[in-house]
1. Where the only charges are on Cβ atoms (+1 Lys, Arg; -1 Asp, Glu), what is the dipole of the chain about its Cα centre, to the nearest 20 debye?
2. Excluding Arg89 itself, calculate the net charge of residues whose Cβ lies under 13 Å from the Cβ of Arg89, where each Lys or Arg counts +1 and each Asp or Glu counts -1.
3. Going toward the positive end of the dipole of the stretch 17-65, with +1 on Lys and Arg Cβ and -1 on Asp and Glu Cβ, which of Gly43, Leu53, Ile65 do you reach last?
4. What share of the DSSP beta bridges in the stretch 21-113 is antiparallel, in percent to the nearest 5?
5. For Leu11, what residues show an amide H to amide H distance below 5 Å, using hydrogens built from the backbone and excluding near sequence neighbours?
6. May I ask for the Kirkwood hydrodynamic radius of the chain, worked out over all distinct Cα pairs and given in angstroms to one decimal?
7. Using θ = phi - 60° and the Karplus form 6.51 cos²θ - 1.76 cosθ + 1.60, what ³J(HN,Hα) does each residue of the stretch 11-17 get, whole Hz, x for Gly and Pro?
8. Near Lys37, which aspartates and glutamates are there with a Cα under 13 Å away, not counting those fewer than 8 places off in the same chain?
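Laboratory data are not the source of any read-out in this text; all were calculated from the coordinates shown. Since we're looking at a predicted model, the values are computed, not measured. With ideal geometry, Cβ positions are generated from the backbone for all residues, glycine too; neighbour counts draw on all protein chains shown.
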Amino acid sequence: MLIPDFTRYSLALLEGEMLIYESCGGGLRPLWDALEKFQGKSGLILHDKVIGLAAARLIVDSGVIAEIVTRVASLPAKKFLENNGVALRAFHVAANILTRDQSAVCPGEVIAL
């Protein structure tokens, strides 16, 4: 398994051991773009810095991703992914994903609840 290099990208898609997509963008946009670009594929591995519930819902709905490797996942995202058969390897599981200034729960997380 390819080790995530989050100094090089914030999100990457792999097909087996082959890197097929990477992005340095923030928020949900890079994930949305990747899932749209590779719709119709399945069994891909996603490296993403952060996985909240909004991202988890997009991933499950797409049917593209079989496994996720992330630095941080929210507990609601972890439970949702487990219940929907998507493997998750998170270095840290937080109660919720917070905004950049850590003053509130991320709006995407709130809406997805």
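1. Values: 11 positive and 12 negative charges, 42 e Å.
The dipole of the chain has a size of about 200 debye.
2. On the way: positive: Arg71, Lys78; negative: Asp48, Glu67, Glu82.
Once all neighbours under 13 Å are counted, the net charge is -1.
3. Leu53
4. Values: 1 of 15 bridges.
Given both bridge residues lie in the stretch 21-113, the antiparallel proportion sits at roughly 5 percent.
5. Excluding prolines and chain starts, which carry no amide H, the hits are Ser23.
6. On the way: mean 1/r = 0.0723 Å⁻¹.
Every distinct Cα pair counted, the radius reaches 13.8 Å.
7. Computed from phi, the couplings for the stretch 11-17 are 8, 8, 10, 10, 10, x, 9 Hz.
8. Straight-line reach from Lys37, under 13 Å: Glu22.
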